[in-house]
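Data block below; observations after.
The values are calculated or read from the model by the stated rules, or taken from the named source; none is laboratory data. All values derive from a computational prediction rather than experimental measurement. Neighbour counts run over all protein chains shown; Cβ positions are idealised from the backbone, glycine included. For accessibility, only protein heavy atoms count, side chains too; no ligands or nucleic acids. Shrake-Rupley method; radii C 1.70, N 1.55, O 1.52, S 1.80 Å.
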Amino acid sequence: MILYHGGTESIENPVIRHSLSSRDFGTGFYCTDIREQAEKWAIRQGRVRKQIAVLNIYDYDIERANRDLNIKIFDDYVMDWLNLIIKFRNDKNYKHSFDIVYGKIANDDVGETVQAVINGLMPPDFALQKLVFMPANNQYCFCTEKSLAYIKYIESIKLE
């Protein structure tokens, strides 16, 4: 399976980014199987950092990973997904036992809904009902050094 990582640098050897502990699935190396999503993220980061946008492409050995690793999959917006994101947003030291977490991304619109739950302005079950109608992107978070062995760098492309 092909995965993409958008940013402002070529990353031949991915690493776990500990500075990203408050991201949706915590510390890790984030990718998506949606090229357009990764390209948009790269362009956004390029503008913010005033650098060239770069799309990194990897081959993910999903079959071998499914056999060997502890993987958590959230195919839809579900309470376990919401609870995990809330835990990371509330506690930067929270840890889980998964090598890889796959699920929906809490983009700006989804993030606002999650924040409304955190702030007590919206009940979690209502938030999930609302999220069903929002367009969803996805993400793979490679959470452990062990998991990084299951993605192989293919190439980096500078985006205009």
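Among the residues of region 37-45, is any assigned to a loop (DSSP other than H, G, I, E, B) and touching a residue at least 24 places away in the same chain (Cβ under 8 Å)?
no
Could you grab me the full set of residues in region 55-74 that are touching a residue at least 24 places away in the same chain (Cβ under 8 Å) and exposed (fewer than 14 other Cβ atoms within 10 Å of the Cβ)?
Result: ASP59, ARG64, ILE73.
Can you find a residue in region 95-111 that is assigned to a loop (DSSP other than H, G, I, E, B), small (Gly, Ala, Ser) and open to solvent by 80 Å² or more (accessible area, probe 1.4 Å)?
Looking for residues that are assigned to a loop (DSSP other than H, G, I, E, B), small (Gly, Ala, Ser) and open to solvent by 80 Å² or more (accessible area, probe 1.4 Å), one finds at least one in region 95-111, hence yes.
Could you list all residues from region 138-156 that are open to solvent by less than 50 Å² (accessible area, probe 1.4 Å) and among the aliphatic types (A, V, I, L, M)?
LEU148, ILE151
Quick one: would you say ALA38 is over 15 Å from ALA149 (Cβ atoms), small (Gly, Ala, Ser) and surrounded by 18 or more Cβ atoms within 10 Å (Cβ to Cβ)?
Here the answer is yes, as ALA38 does meet what is asked.
Hey, could you check region 75-85 for residues that are aliphatic (A, V, I, L, M) and within 26 Å of GLY7 (Cβ to Cβ) and say which is surrounded by the most Cβ atoms within 10 Å (Cβ to Cβ)?
The qualifying residue surrounded by the most Cβ atoms within 10 Å (Cβ to Cβ) is ILE85.
Determine whether TYR58 is outside any strand (DSSP E or B) and either under 21 Å from TYR30 (Cα atoms) or at pLDDT below 90 (or both).
Spelling it out, it is not the case that TYR58 is outside any strand (DSSP E or B) and either under 21 Å from TYR30 (Cα atoms) or at pLDDT below 90 (or both).
Among the numbered criteria (1) in contact with a Gly (Cβ under 6 Å, 6 or more places away or on another chain); (2) part of a strand (DSSP E or B), which one does TRP81 miss?
Against the list (1) in contact with a Gly (Cβ under 6 Å, 6 or more places away or on another chain); (2) part of a strand (DSSP E or B), TRP81 comes up short only on (2).
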